[in-house]
Amino acid sequence: MKRILSTVLLVVAVMLLAQTGAQAQERVGVSCADCPSYKGAFSIKNDTGVTIFYQVRWGNKHPWQKMTLESGHTMTHSYPLGENPNQAAPTPYVRFDRIGGDGNNFTAQEYRMEFYAVGYTGYGAGQRYKTEPKRYVFRYAANGRDLDIKAMR
């Protein structure tokens, strides 16, 4: 009986050691599923009553991207900042034809835009950041021809 009990205990001990060894070799990685993730963002709303064609670029080294914004719609533009909401990003620019109704003439207006850091603050983060992009709106002046962009509050 002692031999059977000793053998059973020995088998249990060997199984426990084998299981502990397998757990010790288990690889544990780092997950960023709950890491902060930010982007610099601004949006432009079109309140003009007509479709607006404009261009956007981030910094001087990126090409201009053509955009079409229908009246009543808003377009958000963003640039990844990673885990740091204070990460430097290229300055965004917007350009458009500032005079409407003058045929195929293009009178360029270009603005340097501001943006807000928006995004997920990560698990357990104490400080919160803006969740809305810096907001702008296209509007025509009272004469119905001079187009401009205004910051919204």
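Overview of results
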read-out: Dipole of segment 37-151 [Lys/Arg +1, Asp/Glu -1 at C-beta], most positive-end residue of Gln65, His77, Thr131; value: Thr131
read-out: Amide H contacts of Leu81 (H built 1.01 Å from N, under 5 Å, at least 5 apart or other chain); value: Tyr38, Lys39, Gly40
read-out: Karplus (6.51, -1.76, 1.60) ³J(HN,Hα), θ = phi - 60°, over segment 47-53, in Hz, Gly and Pro reported as x; value: 10, 8, x, 9, 6, 10, 9
read-out: Relative intensity, log₁₀ I(q)/I(0), of segment 37-151 from a Debye sum that treats every alpha carbon as a point, q = 0.12, 0.14, 0.23 Å⁻¹; value: -0.47, -0.61, -1.28
read-out: Length added when fully stretched, Asp97-Asn143, from 0.36 nm per residue minus Cα-Cα; value: 15.0 nm
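Throughout, read-outs are computed from the coordinates displayed, never taken from laboratory work. None of the values given here were measured: they were computed from a predicted structure. Cβ coordinates were reconstructed from backbone atoms using ideal geometry, including for glycine residues, and neighbour counts include every protein chain displayed.
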